[in-house]
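No lab work stands behind these numbers, since they all come straight from the coordinates. Only a predicted model underlies this, so the values are computations on that prediction, with no experimental measurement involved. Here the Cβ positions follow ideal geometry from the backbone for every residue, glycine too, while neighbour counts run over all protein chains shown.
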Amino acid sequence: MLSAGGYLPADVVSNDELARRYGLDTSDAWIQERTGIRQRHLAAPGESASSMGIKAAAQALERAGVDASEVDAVIVATATPDSSFPATAVRIQAGLGITRGFAFDLLAACTGFIYALSVADAMIRTGQCRTALVIGAETYSRILDWTDRTTCVLFGDGAGAVVLRAEEGESGILSSHIHADGRHGGILHVEGGPGSTGGTGLLRMAGREVFKHAVTKLASAVDEALAANSLAREDVTWLVPHQANIRIIDAMGRKLHLPRERVVVTVDRHANTSAASIPLALAEAVGEGRFKPGDLLLLEAIGGGLTWGATLLRW
């Protein structure tokens, strides 16, 4: 992984402003206590997963010192694509002026970026591509029920991107471990879709059930990743988690015996940006120079499906 970039919409909405704007019976104190969220960014009319993804990818390429002409794979994790087809990935490919290789979308909800990293890493290792853009881009504000305070306060919009390249050396992705269990799909889902009849097209979530699965499944994926690389929890330098809820993030930090300053936290300012949350967190940390050569980064996420997974990488 050479670098990371991100993009957040200009409309920054605090908890109090959100309550006023949509007439919600909630408060800043209530939201912060339960989620750790203070604000979120909402896409403007005309902004989309592709337009935000283009900006995030451009920053990642600039930071990596890689020209768009060198990219031969664009993989986009999103649950909120611009359209059913063409894929958001090919829109981003065209927007960046990339005319070679391949591009496609991947849907694994909030775990999408971990899935996309796993796919890109496998393709690089098998020689199908050399330089890949892996992007998470979401406009969840378009699928939220703004009358449901239990869900609409949790999410935000944005995009993050990383540049992967096949290179010799000890840095890079060590392994990814991805899972799914469709029996629990009903606890976090969107009602309806282009291929179904009926449904509101809005997100629904059983928050307590999701939380219960998150703690156990994330811990299992983390232990699996460490065991696969003969590493211990104490070897982890940084935790870069999916930014869903500060309680889940803190629980994972404690399991790894990491102090808060070694956990990249953006949920307070970004809310849950689904597949974009991990690359946005990476982009912020890269921009601040937090990661040093040799650092061991642990990425983990859980999302609708249910899907979950973890990636270990050496910076």
Could you tell me which residue out of Gln128, Gly207, Ala180 lies farthest along the dipole of the chain toward its positive end? Charges go on the beta carbon: Lys and Arg +1, Asp and Glu -1, centred on the Cα centre.
Gly207
Please give the Cα centre distance for region 57-88 versus region 119-133, rounded to the nearest Å.
14
Treating the beta-carbon of each Lys and Arg as +1 and of each Asp and Glu as -1, no other charges, what is the dipole magnitude of the chain about its Cα centre, to the nearest 20 debye?
340
q = 0.15, 0.17 Å⁻¹: log10 I(q)/I(0) that the Debye formula gives for region 122-259, counting C-alpha atoms only
-1.04, -1.23
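Give me Val162, Val215, Val267, Val119 ranked fewest to most by other Cβ atoms within 10 Å of their Cβ, as a rough exposure proxy.
Sorted ascending by nearby Cβ count, the order is Val215, Val119, Val267, Val162.
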Mean shadow area of region 46-100, taken as a quarter of the surface of its Cα convex hull (nm²):
3.7
Selection from Ser220, Val240, Pro279 lying farthest towards where the dipole of the chain points positive, charges on Cβ:
Ser220
Taking the C-alpha atoms of the chain, how large are the radius of gyration and the largest Cα-Cα span, Dmax, in Å?
18.2, 55
Running Debye on region 3-165 with equal point scatterers at the Cα sites and no solvent, what base-10 log of I(q)/I(0) appears at q = 0.10, 0.14, 0.15, 0.18 Å⁻¹?
-0.39, -0.70, -0.78, -1.01
Starting from the Cα of Lys217, draw a straight line to each of the lysines and keep only those under 25 Å, dropping any in the same chain fewer than 8 residues away.
Lys255
Report the charge-dipole magnitude of region 172-314 in Debye, nearest 20, computed about the Cα centre from +1 at each Lys and Arg Cβ and -1 at each Asp and Glu Cβ.
220
What is the packing order of peptides 130-143, 90-103, 251-264, taking the mean over residues of other C-beta atoms within 10 Å and listing the highest first?
130-143, 90-103, 251-264
